[in-house]
Every structure is written in structure tokens, then in C-alpha cells.
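What follows is a set of notes on a single structure, which appears directly below.
Since every read-out is calculated from the coordinates, none of them should be taken as a lab result. Keep in mind that this is a model prediction, so the values were computed, not measured. Neighbour counts run over all protein chains shown; Cβ positions are idealised from the backbone, glycine included.
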Amino acid sequence: MDWKSLLLNRFSLTVGVLVLGAGLWNAYVSVNDDGRISGRVVDQTGQPVVGATVALSRKTVSSVDSVAETQTGSSGEFSFVDHGQYALLLSATKADAEAPRRTYQLWFRNQNLVLDEPLVLLP
Amino acid sequence: MFLKPKTKRNREIAFIWMLLLPALMVYLFYRIIPLLWNFVLSFSFWSPGKPFEYAGLYHYEEMLFYDDAFWTALKNTAVFMLATPISIAIALGLALLVDQKIRGRSLYRTLIFLPYPMMVVAVGIVWRWLYNDSVGLINYVLRSLGLIDQPIAFLESYSFAMASVMVAAIWQIVGFFMIILLTGLQNIPAHLYEAAVIDGARAHHRFWRITLPLLRPSIFLCVILGVIASFTSFDLIYTMTGGGPGLATELLITYIYKASFTLSRFDYAAAVTIVMFFLFLTLATVANRLAGGDAGKVDIAD
Amino acid sequence: MSLRSRIFTHAILISVCFFMLLPIYWVIKTSVSGENLFVYPPSIIPADPNMFYYVEAWYTVDFVQLFSNSFLIATLVVIVNLVLNAMAGYALTKHFPGKSLVMSFLLMSMMIPFHATIIPAYLLTAELGLLNSKLGIALPALSHIVCILLFKSNFEAVPSSLIQAARLDGLSEWQILTKIMIPLSKPAVATNIILSFIWSWNEFLWPLIVVRSPDQQTMPLGLVSFLASFEDTTGSLYAFCVLVVLPSMLVFLLAQKDFIRGLTSGATKG
Amino acid sequence: MLKNLSKWTTAFTVSIFASLSVAQAADEKITVLTWNLPVYGEKINGWIADFHEQHPDVEVEWIDKKGSEWATFFQTQLAAGTPPDVVNIQGALWAEYAANEQLLDLGPYLKNDPDFSGRFVDGALDLWTTDDGKSYMVPWYFNRTLLYLNKSMLAEAGIEKTPATFDELMAAADKMKGEGKSGFLTANFDWLYWPLFKMNGVDILNEDMSKAAFNTPEALETLTALAEATKSGAINNISWTGRWVEPNTAFASRNVGMYMAPNSALFWAASKADWINDENVEVVDAPGDWWTPNHHGWGVSASTKYPDAAVDLIKIATSDKWQETMSSTFSILTLNKNVDPMLIEKFTTEDPLKAKILTAAGSKLDKITGYLKSPVEARVKDAFWTSVQPALLGQVDPQKALDAAEAKVNRVLTRR
């Protein structure tokens, strides 16, 4: 058996493809796993809300644990770093207004996330 | 002149034992010694952390005269073992089909074998859910075909539980048997058939006179593997029904497990083990006789 | 073969394959859709399939640890099985005093249900100091009698003229085994690899007893602890089922050509 | 040749041993065994950290086993003489280990540390106290059966009054049955169905637990009524066949009028079905207020080398700090005086149904039934249930089933 057939048989090929895939995936993950979340909070009319409390929590088997909280800035923006989750819940409140809890599922732990749609506060 | 061949022969014998010993050690440690332990235990009173105490035939009497659960388990085991001949019959049919020169036969072989490598615990989880009465696929299909009005709780019903478990067991092993039998089929020399055709033998004659007798070793291998599989079916019963409802799917092996670990009657379980061992041994001896006497010849390539 | 019987054959085989694949399909479907308990009628094609159940399964258990434990154990089992079974199989092709005793010893061992011997087996393993170790998990599976018999018959099929010639060339018995017998018994080797891998990979009760610390857990134990946290109602359980089953499937699919062809070509050497 | 072979074999063996055997445990180590809580790892690591502050030199090993395999593991460890030092045991299983002198009497520790013994709700410790006054376990978390009513089904059937007797319960169940609907459902593992018998005055065993006491005319009536109701569909037959998922799912599907089950079962169902809330579900005690526990406690193995350290770990596990975490993680009662009221308080606004359920679960602690502090509890249960289950499902005549069960149970009680 020469090196060519040793290298090109289906066992080595399968293992090779798997290892390569895992390597690429891990490379991608290590670039994108700073755990940054950024988004905005707006009111019903679409105006940014300043000073709303945004809560980041996670769902466990039997309860919802809160992970972190932050306040929105001058243009309604907020961000979290290093959230450490692979599935998370975001909700926002200000006074009586509340944005319904939204679930985000991620591909890997601590994945960066930019919210496409702002959280909308409803009275 | 006289001594030399003798030492040579001795050396050869020593070499043979060297080759055998490692494997035999595994069986000694993990089969025979535990069996002896069970044997001693079956005549004692014992529970973890306690000293042995002589019990005479207490446990055997219990088993024979007082314990109907044992007899139910024995009967269920006999029923469950029918799964082996059923699977062999189905596998033989399939083997005959995929032995023909048809397009895609290797794909068929692969697909039919595919369930065998699956983990039994996972198989149990999946089948339990397929059988579910409210959302299970099987009930859904039967209901949409109009075969039944009311959903059937297969695994919770006295009439269906055993059959349902057997279907899952057969599903898993039939592909494996098929491959073994296929091997046997392909090793039957073609000239035997040719001669039979010339003699004017019909297809079913050829099957009964040539195929089946020559397949005997392969079939015997299936039987042995079937018996072993019916031991490992512990996992299947355990995850699918846990022996229930009532004792409807309680097998000897699950009963031994339950007596040991749920009821902490290790001594009694040991007695059941010993009885089960001798039953299977007898069964194997009989099967071996039927297969032609030399179990050592059993193999895939003969 | 006539067209009609050909169609008939295909029809049967296709329906059998359908039946074989249906449960497998169902697991995969659920693992990507998660629909399970409260959905009736069940949908045949997953609505809104996604891979997030796999993400959850991956993080709920230490998948890499479980996988590498199981894999190391299976590798050990396969290698030792090949060595021990080939050796024992070769020994059994020879005539020696006590052979029939050994044969009945082996056949008897096959009749002893392992589940009934857990406690003494455990105590023995404890004596050896191998509890909670991969070797301890592997030990009872280090040889399979069926595979010994398989090697025996494969070896017996090797033409004796070949062995005579080798002896004349001055090859020792050991060299005959390693250089002639084993290379000529590829089917037995392939079968042994597949069977011992599958059996080791799927073993459940023995690791459950022997393993204490989480870092020695194997895949089936992971599956059971998964069941403990989720019961059988979530997509991630089925996703984990797929992950658990995949490796042994992969091993089979890769080796199946050798396995099936290997098995079938056994006798042509006789 | 031989030499070669043996050399080769030795080398091989040595190398696999070296690479794969794990060095045996460190000198000072205690092992904790939990029951079915693989998800609680983070918190348990928290205890271990707290424990290390007191005992920096003692290592802690945590093991978790699924409920169905817990006993298998524990018994094997007992047989090998290496039981985990600190064990979490469900239900009445502890009685067997206590009778075999495999558990440590925690009495002296409780006596010496008023803070330890004083942190539990009154009567909580009695759950694990034997007749001779020994305390083998302390509470970790507590569940008990309650009756949950599906309000809309009750209203539909025109039932206004909560059933207060067995007959009313059966009558109500009968009224609610219908196409795909059933009136009553119970969880059945352990003795969870026993309140049904107890509300008719039936006991499992006599006072000194030496004989079966259940073969009475009342028991026959109860059993016959249950079997008939099961046949007619008034009682969902999952009651007698289901384990955990099945009955919970059945109630969650909103087709069951009344459900008798431990509170954790309802919370589990509620997590799967949104309709289960204060508006749609009422919670009451079963007729006669009888309930059966499904509770967990902590004990220490008698053979432990470090009893003091083991007890210290239990003190941490049952401390206010960690029981607060426990109760809020699983919405469960801990039988800790300070923690339980806080949990209920928290739920009063957040989830009124949970608050109501937990309040009910923590009350009437003396109305316990179906809880045998007997070393042969598991065997009695098995003997009774395997005979009676077929009768409930209409396979066997009820009187015959009771006779068979009585004979079997009495044999269990007299044999060694």
C-alpha cells in the first residue's frame, strides 16, 4: 500500500474532512465569540428610548435566570459583552412600558449578536 | 530422538495455551467467577455489606412454589425468544431477495442493516415515542388509514406490549441476520443448483433440499447471536416498558435486575440467574445437536 | 428474471427499507423541528427546521469529553479484541489436550447473562483497582466468543499447503499467525472490528456502575443523564440521540463494503 | 519465540494499564451522590467552594445518577464497601439502608447544633425519624400530592362543589368523561395513588407493620369503583400505566378534569402548557386531606471516614443561602423555615397558582399516608402493585387481586 492509497481511501478522507470542518468551524467561532450583543430600544412610534432597562436572562429547565442588566444610551442603544450564553432572552422596561421577552438562539456559546430589529416598548 | 519431539510437542502445547490464556482470563473473570459467586449466593442470605449466611434451598423453594412473577417472567422470556426465529425467517426472505442480481442491491443491504449499529437505549426511546397513543406516529398512521377508531396505547396494554417490544427488537436485528444468511447463501456452490435444475427440481425443492441444509451453520450462528441479543434486550425492555404493564413484558433478565437492585434481593436474584443459566445451556445444547453437533464449526464463512 | 418478478422484488425491498428507515427519519425530523408532545397530527415534513437543538445538546453535556471517552474505550476494545480473538482462534485450529474442554468453557460463558453478574464483576474490578477507569469499563468486553469462533473458521479455511510451505521456509508459529493467517482473514478482521466497536459503543449498564466521576462518562451515560434532565420531550434529546448514534453508523457505513464483501468472500479461500 | 511473545504481551499490557488506569482517589475525599439532578452542577460546585473554606484539605467528589439507576449504583457501591459519604435519597428508600445500619444517625449532630436542627419546619425531621427516635436524614426538598382541578371542565360538567369524599370524586369524574376526555387522573409511582384508598379508610399495613391491612371490604369497594371508572373512561387509564411524562402530558393536554400528583409534576406540566395558570386551574387537597410525599433528604453513610465533614457539607446544602437557590431554581419547597415563606411570597405576584400550590403543599403535614418507614418498603410496594395493577386495568377480579396481594405482602413481611 503506497502513501497515495493510504491517504486517499475513504477512511482517511472522511476523518480528514471531519477534522478540516471542525478546524474551520473552531476558527470561525474563535473570531466571533466575544459575546457582544448590541441593539436598540424604541417606543411604539419608533423613537429611541433613553434610559430603559434591558435585561438579559437565560432559560433553564425549570426557571428563568437573570444574567445581566444594562441601561440604554442616548440613542436608545445598549450592549452587553461576554454574555456566555448559547440561548438567551432579552426584555426591556421603562416605567410602565415593557418590551415583551424575546428569545434568541445562537450557534455557539458567547456568539456575537447584532439585533436586526429593535426592542419595542409597549405600554 | 525420543525426547526431542516430546519437548517440541510440549512447547507447542505451551504456545497454544499462551495464545488462549488472555481470552480465557477475560471469561474467567467476567463470566465464570461471577457465575460461581451467584451459585454460592443462591444458597445464602446476603445483602450488600452483610456476611453470607447459609440458606439451603430457601430461594429455590420460593421461586418454585411462591413466586408467580418468576413463572410469568419465564413464560415471557419464551415468548420473547420467538423474536429470534421470526427475525431469522424474515432475514432469510430478505437475503434471498438481495442475493438476486438486481439493481441497487448493495444499497438495500446497507439500508436494511442500518438499525443494527444504533444504541439500544436510543432505539428504546424512539420506539416508545412511535408507539405513544396520543401523538405517536403508529397510531396516527393507523387512524388516518381508518384501521382503528380509538388510539391504542401499545406499550401500556396487556395485549400489545410484548408484541410491540418484539417488533422493535426484530426491527433492529433483522438486517444483521440478513447479512449473515446472505453470506451463507453466496457460499453455496452454484453447481449444486445447476445440477438440481438439470434434474428437474422445482424452485421450492431446491430451497428445501439444497439451500436450507447448507445454510444450517449460518442459521445456527443467527440463533446464537439471537440468544445473546435477547440478553442485551434488557436495555430495550428497560427503556421501553420497564417490564410493565403489570408483568406483561417482564423477562427473566429484567426480573433478575429488578430483584437485585429495586427489591435488593441479590440472593434470590442469584438463584434465578442459576436457573436461567441452566435453561439456556440446555437450550443451546439442544440447538447445537440440531445444527449438527459441532458448535465449533459455527461460523460465517463455512 | 422476468420483469414482473423484478418489480415485485423491488417493491418488497423498497417497502422494507421504508420501514427500516422510518424511525430513523423520525428521530432526525424531531431533532430539527422539536415538535413532539403537543402536536397532533404530527407533521411528516419538519416545519421550520433548525439546528438549535443540536447546539443545546452540545452544551448541555460535555460532548467532547463523552465522545472521546467512548471513542478511546471502543478503540481499546477493538484492538485488544483483534489480538485476543485472533490468538485464541488460531489456538483452537490446532489439536491439543483439553481442546473440547476449552470449547465447552467458551460456549458456556456465552450463556451467562452479564447483567446478572454485575456485583461480582464489580468487586473483581475493584480488586484490580480499575474502577472509574477506561480500562475497567473495557475489561469485560475485551474478547467476544463469537469473534473467536469467526477467526477459528476463517483460519481453518486457509489452505494447509500454504502453512506447510511457510513452515518449510522456517517461519515460526507466531509468524505464521501474523504474516499469513491474519492477512488472509480480512473478513474476520472487518467483522470483529465492526461488532466489537458497536457493542462497546452501545454498552450501558456496566459503565453506569463502574464510572463514578463525570470525566469518565461514556455516551450512553450522557444519554441517560440527558433523559434525567429533560425526560423524553424535547428536540435536544433527539438531537443528542442522533449524535450518539452517528459514530457507530459512520463506522459501519465506512467499513460496510469490507464487512459485507469480506463476509461473503470467506469461503472462496477454502 | 515464546520469549518474544511474552515480552510483547507484557509491554502491551503495561502500556495500556499505564495510559488508561486513572490514579485512585486522593487521601481525604468525601463523595456526594445526588438523585436525578445533573442540571444542578453549578450550584453544587458552589457548595463545594463554601465547604472548602471550612475544610480546605478535604476534596469533594460529586456524582449524579438518574432516579431509575440510582439504586443500582448505590447498592453496588455498598456491596463494594465504598458507598458515597453523603447521599441524597428519595422517598422511603432510606428506611432499608437505615435498618441495615448503612446510614449514620444524625441525631447527635442535630442536638449539638441548634442552628442546624432549628432551620427546618416543625415536623419536617419526623419524615425521616424512626420509631426508636433516630434521625437518619434531613430535608432537602419536598413535594407532595395535591388535587388539581381543570376549572373549565368542571364548569362545563356543572360541578360547583369541590369533591370532598371519594364518592363525590368518582361522581365528578364520571360527569366529566367524554370523547377524548376523562374526569380523573393520578400519578402512580411509589405510593402516590394511595390517598384514594386512605380516603376510604384503608391502610397498607397494620400498626406495627407486621401484616397487610388492606384486604378489607372498603378496599374491595374502592378497587372495584376505580376499575369500573377506568373502564368507563371516567378515570384516565394512564393513571395506572404512566410514569411521569405520560400523566403530566395528559393533564397538560387539557382533557383531564382532575389530576392528583405531586406539585413538581404540575409545575412540569405548566412549563409545557400555557393554559395551566391561576385562572384555569384550582388546587385543593384530595378528599380527607390525605397526601403522599415525594420528597428528598440528605443522609450520611455509616461507613464514612469523615462523618463531621460529611455533616458539615449537609449543613451547607441545607443552609438558607443554598436552599434559597434550590427553591427558586426548581420552584420547590425546602422545608426550611426561612426559605419557604420567601419563595411563596415571591410567587404571590409573579405566579399566583404556584404560590397557592406551594402554600397548600406546605400545610397539613400530619395528613401523610402511603409512606412506609419500613426496610421492605420497596418489596411491599412491588408485591402490592403487581397484583393490584391488573385489577385496576380490568384484567383480574378485584377480590382475587386483593387476596393475591395480601398473600404476597405477608410473605414479604415474614421472609428473610
Theoretical FRET efficiency, 1/(1+(r/R0)^6), r = Cβ-Cβ of D:Glu221 and B:Phe39, R0 41 Å, to 0.05: 0.30
Alpha-carbon centroid distance for the pair the stretch A:58-123 / the stretch B:215-232, whole angstrom: 58 Å
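To the nearest whole number, what is the average tally of beta carbon atoms from other chains within 10 Å of the beta carbons of peptide C:16-27?
Taking the mean over all residues of the peptide, I get 6.
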Footprinting exposure proxy for D:Thr186, D:Thr369 (fewest neighbouring C-beta atoms within 10 Å first): D:Thr369, D:Thr186
Of D:Lys65/D:Lys337; D:Lys198/D:Lys337; B:Lys75/D:Lys181; D:Lys305/D:Lys373; D:Lys315/D:Lys364; D:Lys198/D:Lys354, those spanning more than 32 Å from alpha-carbon to alpha-carbon: B:Lys75/D:Lys181
Kirkwood hydrodynamic radius of the protein assembly as shown, Cα pairs, Å: 32.2 Å
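I need the GluC sites (Glu not before Pro) found in the stretch D:89-158, filtered to DSSP loop residues with at most 12 other beta carbons within 10 Å of theirs. Please report the intermediate quantities before stating the final value.
Working: sites: D:Glu96, D:Glu101, D:Glu156; in loops: D:Glu101.
Passing sites in the stretch D:89-158 are D:Glu101.
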Calculated SAXS-style log₁₀ I(q)/I(0) at q = 0.12, 0.15 Å⁻¹ - chain B, Debye, Cα scatterers: -0.99, -1.26
The stretch A:33-54-the stretch D:194-209 distance, computed between alpha-carbon centres (Å): 61 Å
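Please label the shape of the stretch B:1-147 as rounded, prolate or oblate, based on the square roots a ≥ b ≥ c of the eigenvalues of the alpha-carbon gyration tensor (a/c under 1.5 means rounded; beyond that, a/b larger than b/c means prolate, else oblate).
Working: a/c = 2.95, a/b = 1.26, b/c = 2.34.
It is oblate, given that a/c is not under 1.5 and a/b is not larger than b/c.
Per residue of C:189-196, how many C-beta atoms from partner chains lie within 10 Å of its own C-beta, taken as a mean?
1
Could you work out how much longer the chain between B:Phe278 and B:Leu142 gets when fully extended? Use 0.36 nm per residue separation minus the Cα distance between them, nm to one decimal. Before the final figure, lay out each step's value.
On the way: separation 136, 0.36 × 136 = 48.96 nm, distance 4.25 nm.
Result: 44.7 nm gained on full extension.
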Order of A:Trp107, D:Trp194 under a 10 Å beta carbon neighbour criterion, fewest first: A:Trp107, D:Trp194
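Please work out whether the stretch B:63-140 counts as rounded, prolate or oblate from its C-alpha gyration tensor, where a ≥ b ≥ c are the square roots of the eigenvalues and a/c under 1.5 means rounded, while otherwise a/b larger than b/c means prolate and anything else oblate? The partial results should precede the final answer.
Values: a/c = 2.99, a/b = 1.61, b/c = 1.86.
Cα axes put the stretch B:63-140 in the oblate bin.
Taking a ≥ b ≥ c as the square roots of the eigenvalues of the Cα gyration tensor of chain C, is the shape rounded (a/c under 1.5), prolate (a/b larger than b/c) or oblate? Walk me through the intermediate numbers first.
Values: a/c = 2.58, a/b = 1.41, b/c = 1.83.
It comes out oblate by the Cα gyration axes.
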Backbone N under 13 Å from the C:Glu127 label point (7 Å along Cα→Cβ), restricted to the stretch B:53-97: none
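Counting other C-beta atoms within 10 Å, which of C:Arg4, D:Arg254, D:Arg144 has the fewest, and how do the rest follow? Walk me through the intermediate numbers first.
On the way: C:Arg4 8, D:Arg254 15, D:Arg144 26.
Lowest count first: C:Arg4, D:Arg254, D:Arg144.
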Spacing of the two label points (7 Å from each Cα toward its C-beta) at B:Ala287 and D:Met342, in nm: 6.2 nm
Estimated FRET transfer efficiency (D:Lys364, D:Thr414; beta-carbon r; R0 22 Å; 0.05): 0.05
The stretch B:103-139: trypsin sites (Lys or Arg not before Pro) in DSSP loop, at most 14 other beta carbons within 10 Å: B:Arg103
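Give me the extension gain from C:Ser15 to C:Leu184: residue separation times 0.36 nm, minus the current Cα-Cα distance, reported in nm with one decimal. Please report the intermediate quantities before stating the final value.
Values: separation 169, 0.36 × 169 = 60.84 nm, distance 3.78 nm.
Length difference between fully extended and current span is 57.1 nm.
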Peptide B:60-73, shielding by other chains (average Cβ, 10 Å cutoff): 1
Simple label model, 7 Å out from Cα along Cβ direction - B:Arg216 to A:Glu77, nm: 8.5 nm
Per-pair calculated FRET efficiency, R0 = 51 Å: A:Val19 and D:Asn280 via Cβ, rounded to 0.05: 0.45
